Amino acid sequence: MCVDGNQERSRTPIDLKSCRSLSSFPLAGKTPHQAVKNCLDPLSLAASCVTRDVLVASGSNVDKLESLAINRGSPSRLRGRRLYLTVKMLYRVTEADGERGPWKVSTAAYFYALHDERQREIIAYHWHPETENQKEPHLHVYPASNIMTLLAKVHLPTGRITLEQFLRFLIIELDVKPLRNDWERVLAGTERRHLQYRTWG
């Protein structure tokens, strides 16, 4: 990981062309910086299934709200259908015990969106319990999707979803062409590690 101004970018030391190291992703760190790196590496690997754009984290300050995004938050072109992807997450580095410590990254919010060829949002999965009055994970459906305008501003309930679930949806349901032949194994491996160490139900 390199520090670029105030931002940390994954210069992923794992081989993005194989999944040999999936089971060895630690999701905690001996330092706050290492905890962020250990969170960023599997997310970068998962994102590499559909985009070559880089995942960047804003920092590793303890107990401060930080952010990470693909392509600095701008829509990333997907292969296959003329669609774009936006991924943004908010997180905190906190102290933790046992395997989850001494430092870990906790997700505070996420925003995953799919855009049409004009980069208009079609659907967006959100979870932002600290920033707005809608505390539960939800789905937005926008007019660009040709669904009734009535649904554009409502919060359709969902459970919390992982980035891997969203990327799998793009590949399987919307025919986004994966950039990796091993995308199923990559997504299963990075998701398994996340689910093993998550602290939410």
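Do any GluC sites (Glu not before Pro) in region 64-149 lie in a DSSP loop with no more than 15 other beta carbon atoms within 10 Å, and if so, which?
GLU117, GLU130, GLU132
Please identify the chymotrypsin sites (Phe, Trp or Tyr not before Pro) of region 151-201 that satisfy two criteria: DSSP loop assignment and at most 10 other Cβ atoms within 10 Å. Which are they? Write out the running numbers ahead of the final one.
On the way: sites: PHE166, PHE169, TRP183, TYR197, TRP200; in loops: TRP200.
Here the sparse-neighbourhood loop sites are TRP200.
Length gain on complete extension for the stretch ARG82 to VAL154, per 0.36 nm per residue less the alpha carbon to alpha carbon distance?
23.3 nm
Return, ordered by residue number, the residues of region 118-143 whose backbone nitrogen is under 17 Å from a label point located 7 Å along Cα→Cβ of LEU174.
The answer is 118-127, 138-143.
Would you kindly derive the ³J(HN,Hα) couplings of region 103-112 from the backbone phi angles with the Karplus curve 6.51 cos²θ - 1.76 cosθ + 1.60 (θ = phi - 60°), listing them in order in whole Hz, with x for Gly and Pro?
Result, ordered by residue: 10, 9, 9, 10, 5, 9, 6, 9, 9, 10 Hz.
Want the number for ALA124 to ARG72: 0.36 nm per residue separation, take away the alpha-carbon distance, what's left?
17.0 nm
Ranked by Cβ crowding within 10 angstrom, fewest neighbours first, how are SER48, SER58 ordered?
Listing SER48, SER58 from fewest to most nearby Cβ atoms yields SER58, SER48.
Just so you know, all these numbers are worked out from the coordinates, no wet-lab data involved. Just so we're clear, the structure is a prediction, and the values are computed from it rather than from any experiment. With ideal geometry, Cβ positions are generated from the backbone for all residues, glycine too; neighbour counts draw on all protein chains shown.
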